[in-house]
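The values are calculated or read from the model by the stated rules, or taken from the named source; none is laboratory data. None of the values given here were measured: they were computed from a predicted structure. Here the Cβ positions follow ideal geometry from the backbone for every residue, glycine too, while neighbour counts run over all protein chains shown.
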């Protein structure tokens with residue numbers, strides 16, 4: 001009975017380690033406004049029991065010049081900051097910041113894809129997707145306090161004329 005329980009624990013531990021993603025977005029969807037930049041976290045992990053270099057690269061239909069990894073200590077970035085390599089110890093995890101600059105709205109939104117691999121296991125590859133929606137600002141910038149005062153005054157005058 002004890003041997004069976006230990007065997008089951010070993011199988012579950014190995015299964016969870018294999019199921020652990022190399023790179024994952026903190027959220028599957030991002031809503032942003034036109035003219036505002038956003039940041040989101042990317043979680044990078046080494047599920048192996050040996051030291052490894054984890055390489056992550058970005059793709060998708062979001063304009064390439066407008067999405068990049070933030071330069072941080074311990075990251076090796078390409079000049080365009082769309083590919084990174086991070087060295088992780090066994091079972092170590094790390095957060096990385098992804099900067100998303102605003103672009104024009106699109107009805108179907110944009111997709112940012114992320115692929116990853118590791119030097120510890122050539123067969124272990126991972127990918128993730130995040131949907132990005134850019135919307136117009138929810139406020140109407142044409143109504144300044146002075147404009148609102150004029151509208152109230154005009155509506156008061158119109159009401160007075162109707163009542164006469």
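Data for the structure
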item: Lone unmet requirement of (1) over 19 Å from residue 33 (Cβ atoms); (2) outside any strand (DSSP E or B); (3) touching a residue at least 60 places away in the same chain (Cβ under 8 Å) for residue 114; result: (2)
item: Residue in segment 42-53 that is over 16 Å from residue 89 (Cβ atoms), surrounded by fewer than 18 Cβ atoms within 10 Å (Cβ to Cβ), in contact with a strand residue (DSSP E or B) (Cβ under 8 Å, 6 or more places away or on another chain) and at pLDDT 90 or above present; result: no
item: Qualifying residues in segment 117-130 (those that are in a strand (DSSP E or B) and crowded, with 17+ Cβ neighbours inside 10 Å) - the one farthest from the chain's Cα centre (by Cα); result: 118
item: Any hit, segment 90-103, residues being surrounded by 14 or more Cβ atoms within 10 Å (Cβ to Cβ) and farther than 28 Å from residue 30 by Cα; result: no
item: Filter result for residue 103 (in contact with a helix residue (DSSP H, G or I) (Cβ under 7 Å, 6 or more places away or on another chain), within 23 Å of residue 61 (Cβ to Cβ) and free of Cβ contacts under 8 Å to residues at least 60 places away in the same chain); result: yes
